[in-house]
């Protein structure tokens, strides 16, 4: 190769490397540009507004925090409801730092097979980041920003605070956000009054309240998913066999929900969640409903199945048919 051609090749390689660096820098800049500081979320007395969309796409302000009349503090949310949401949405919640890498690998494999962004594999922390700060658009950039915010939240907030915020902003019906409003809308109760069956039902609705798991449009589908959640709670010893059996009895004997409203029927015509259920809700592992061996009153720490491990060394006493759980009284 003559010297002139060698020099041209070297310049081309340098130019390509420079373009790659500039491209990588642009991506990093786009991901981190104007990301909010999440440290203010540590204060449990803080209230702030976000924007939510109704089922016709209109935007509305929504207050997050104690100034919202439906705000439900962590200690007022039943442990069974917390665990129902965890086993259904993010079974490894207490074991990860905001990101479930295995779930993300599975989602990436599925998306490549489908040639579209179908599964999000978002943890509870990632969902909270999206609900508070990001849009619902399915783009790689939004996903990267969601991951960064989730890691920041895990570094700044306790698991209890993350769960409290999450359960107070999740959508559970038409302009129904948070378990306080959700309990009243679906059961005419306060969250503290919810039974295990009702908590499992809210957890079953959560992935697709507009259509896929709308109890007014698909009541039997919601009941089946709630029953699987109850069975998982029993298997993982968050419910005793007797409490699980009672919850299943209540689910099978539940009255039909009120007919779908005009808003819900109209939503069924266009809703973005008109997708196969498995692409909306996390797939629940197989669960049986046969009676399990009796739960011992005090379960050794090393015998608690993941993620049912004590947090910060605290393992509260058993109460209300629940096996000791880090959710009860966690600070």
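Take the range 34-52 and flag every residue that is without any contact (Cβ under 8 Å) to a residue 60 or more places away in the chain and within 19 Å of the chain's Cα centre (by Cα).
Correct list: 51 only.
Just checking, does the range 247-256 include any residue being modelled with pLDDT of 95 or more, touching a helix residue (DSSP H, G or I) at 6+ places or on another chain (Cβ under 7 Å), surrounded by 23 or more Cβ atoms within 10 Å (Cβ to Cβ) and closer than 22 Å to residue 122 by Cα?
Within the range 247-256, not a single residue is modelled with pLDDT of 95 or more, touching a helix residue (DSSP H, G or I) at 6+ places or on another chain (Cβ under 7 Å), surrounded by 23 or more Cβ atoms within 10 Å (Cβ to Cβ) and closer than 22 Å to residue 122 by Cα.
Being free of Cβ contacts under 8 Å to residues at least 40 places away in the same chain, surrounded by fewer than 19 Cβ atoms within 10 Å (Cβ to Cβ) and farther than 15 Å from residue 81 by Cα narrows it down to one residue among 209, 241, 219; which is it?
Sole residue among the options that is free of Cβ contacts under 8 Å to residues at least 40 places away in the same chain, surrounded by fewer than 19 Cβ atoms within 10 Å (Cβ to Cβ) and farther than 15 Å from residue 81 by Cα: 219.
The values are calculated or read from the model by the stated rules, or taken from the named source; none is laboratory data. Owing to the predicted nature of the structure, the values given are computational and were not obtained by experimental measurement. Reconstructed Cβ throughout: ideal geometry from the backbone, glycine too, with neighbour counts over all protein chains shown.
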